[in-house]
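One structure below.
Read-outs: derived from the displayed coordinates by stated rules, not from any lab. Given the structure is predicted, the values throughout are model-derived calculations rather than measurements. A quick note on method: Cβ atoms are made from the backbone with ideal geometry, for glycine too, and the neighbour counts reach across all protein chains shown.
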Amino acid sequence: MADDHPADRVECLLKDAADRSARYLRDVRERKVVPAPHALRRLSALRSPLPSQGEPADQVLALLDDIGSPATVASAGGRYYGLVIGGALPATVAASWLATAWDQNAVFRWTSPICATLEDVALAWLGEIFELPAGFGGAFVSGASMATMSALASARHVLLARSGWNVEARGLFGAPELRVVVGEEVHISVLKALALLGMGSERVIRAPVDGQGRIRPEALPPLDERTIVCIQAGNVNTGSFDPAGAICSKAHEAGAWVHVDGAFGLWAKAAPMRRTLVSGFEEADSWATDGHKWLNVPYDSGLVFVRRAIDLRAAMAANAAYLAEGVDGDREPSHYTPELSRRGRAIEIWAALRSLGRDGLADLVDSSCRHARHFAAGLRASGFEVLNDVVLNQVLVSFGSAEVTRATIARIQADGVCWCGGTVWQGRTAMRISVSGWATTSRDVELSLASIAGAAAQAQGAAAE
Ligand SMILES: Cc1ncc(COP(=O)(O)O)c(C=O)c1O
């Protein structure tokens, strides 16, 4: 008889993992959003020395579930409104499990024909959703930060190539100078990308913005063929959109490149009722967005698109004799990404889009926006000041003084019915509510509003004492 192979025991293990995951996802909707103090204390049980002898996989899984599951933040439930966090759609969780079993390296078509095919399909669908130009190129990266970095690397390539400078070969030492224009309310990830690319996070020219954080096109500095203009589809605080049409016209007249940070806001293109917010963004030269935010696929999943595929490829391609080229002119995934080996992120993107369809995707976006408006109406009805025009899925609220607002946020977080974070918006301390997940319901909003009102009353009472 053949020897027992460890792979034969995998079925039981995966069924156990499925049971534990299903239980987690059922319970996560009802538990407090933050882990209980005793769950956090139990994490110390994991701080053991590296064991000399291994343990059976089922025991490892049981330990992970026993200690780990209660110590998670319940961002997969319906009441987590911090940062911009989605919560994976069921189809994407299941697809991700299968993909993990496949354990494909998405680097080349020949290392994973299925991953390369799903990239082709998903890119075509995404091109339709975002109204991208014919001939665009795209890639599946770890998040919007890496997408922005990849897009800006393309911009750097193109703008310097115009001056006969090959930046990939010669670097930036002695290169003609590029200028980068950003709005006053630029997201930190754009500055980080510029820093990583050697273009300097402090050398940017900041264009003035209005009260919602939108660049004022009439106040843009002079632009030229060595300028990159970074605009936003969805400000992380207000959800506002820069006037892309006006900025793109001005920039393109001057020969400048326009990059869009659309980490979550670009998905408004998928919802016919919101599309006017995003009109004009299709005229840009490059775009960064996330899968793991509003498309609700598991982390880590971002998307970069560049108007001409060859411009992304020029900045990303690497070759070596042992890395055989693709055949028949098929797109080779790694020619468009900063990484070589990586997981097949397109699998979950494809599963999300296939399971939602065009209508489901529009509903996902619209329902988040509806819940955000529900929040804003409830907060105003309780006498609180909503600081932004709630055009998308973001709400900014003040509970009075900075001190009372901060105290209210702390009480909300401790109460654990929901989780919201703080921010400072144009000098005012505020609380952010970002509704980005499929799992949020009207009941979640009502429960959260009650918790928020209670916390604010306590904070105001404590401040009055
Ligand atoms: C507007 C905006 N841009 C970029 C990012 C960075 O995205 P990621 O964390 O996926 O890199 C975020 C994250 O919240 C964002 O809101």
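With N denoting the number of residues in the chain, provide Rg(C-alpha) divided by 2.2 N^0.38 Å, to two decimal places. Please list the in-between numbers first.
On the way: Rg = 23.8 Å, N = 465, 2.2 N^0.38 = 22.7 Å.
Normalised Rg, Cα atoms only: 1.05.
log10 I(q)/I(0), Debye, Cα-only region 90-249, no solvent, q = 0.12, 0.21 Å⁻¹?
Calculated log10 I(q)/I(0) at the listed q: -0.69, -1.39.
Can you list which of the trypsin sites (Lys or Arg not before Pro) found in region 171-237 are DSSP loop residues with at most 15 other C-beta atoms within 10 Å?
Values: sites: Arg179, Lys192, Arg203, Arg206, Arg214, Arg226; in loops: Arg203, Arg214, Arg226.
Those that pass, being in a loop and sparsely packed, are Arg203.
About its Cα centre, what dipole magnitude does the chain give when the only charges are +1 on Lys and Arg Cβ and -1 on Asp and Glu Cβ, stated in debye to the nearest 20?
Working: 45 positive and 51 negative charges, 211 e Å.
Using only the charged Cβ atoms, the result is roughly 1020 debye.
Using Cα-Cα distances under 8 Å and only pairs 6 or more residues apart, what relative contact order does the chain have, in percent? Walk me through the numbers before you get to the answer.
Details: 872 pairs, mean separation 98.7, N = 465.
Reported as a whole number, the value is 21 percent.
For a footprinting-style exposure proxy, rank Ile129, Ile409 by other Cβ within 10 Å, fewest first. Could the numbers behind the result be given before it?
On the way: Ile129 17, Ile409 25.
Ranked by crowding around the Cβ, least crowded first: Ile129, Ile409.
With charges set only on the Cβ (+1 for Lys and Arg, -1 for Asp and Glu), what does the dipole of region 43-130 come to about its Cα centre, in debye to the nearest 20? Can you show the working numbers first?
Numbers: 3 positive and 8 negative charges, 49 e Å.
I would put it at about 240 debye.
With the Cα gyration tensor of region 1-141 giving a ≥ b ≥ c as the square roots of its eigenvalues, does the rule (a/c under 1.5 for rounded; else a/b larger than b/c for prolate; else oblate) give rounded, prolate or oblate?
Details: a/c = 2.41, a/b = 1.29, b/c = 1.86.
In terms of gyration-tensor shape, oblate.
How many lysine pairs are close in the chain, with Cα atoms under 29 Å apart and the two 8 or more places apart or on different chains? Mind showing how you got there, number by number?
Numbers: Lys15/Lys32; Lys15/Lys293; Lys32/Lys293; Lys192/Lys250; Lys192/Lys269; Lys192/Lys293; Lys250/Lys269; Lys269/Lys293.
Counting lysine pairs in the chain gives 8.
For labels at Leu61 and Arg203 in the simple 7 Å Cα→Cβ model, what's the distance in nm?
5.2
Output the DSSP H helices from the chain with an along-axis C-alpha extent of no less than 27 Å and a mean Kyte-Doolittle hydropathy no less than -0.5. Mind showing how you got there, number by number?
Working: long enough: 345-381 (43 Å, 0.00); 442-464 (33 Å, 0.47).
Long hydrophobic helices here: 345-381, 442-464.
Within 10 Å of each residue's Cβ, count the other Cβ atoms and sort Cys420, Cys369, Cys230 from fewest upward.
Numbers: Cys420 25, Cys369 21, Cys230 30.
Listed from fewest to most nearby Cβ atoms, that is Cys369, Cys420, Cys230.
Classify region 180-241 from the C-alpha gyration tensor, please: rounded if a/c falls under 1.5, else prolate or oblate depending on whether a/b exceeds b/c. Intermediate results must be reported in sequence, preceding the final value.
On the way: a/c = 2.30, a/b = 1.24, b/c = 1.86.
Oblate, because a/c is 1.5 or more while a/b does not exceed b/c.
Can you grab the distance from the C-alpha centre of region 135-208 to the C-alpha centre of region 49-63, Å, no decimals?
45
Out of Gly416, Gly400, Thr441, whose Cα points farthest toward the positive end of the dipole of region 400-449 (charges: +1 Lys, Arg; -1 Asp, Glu; placed on Cβ)?
Value: Gly400.
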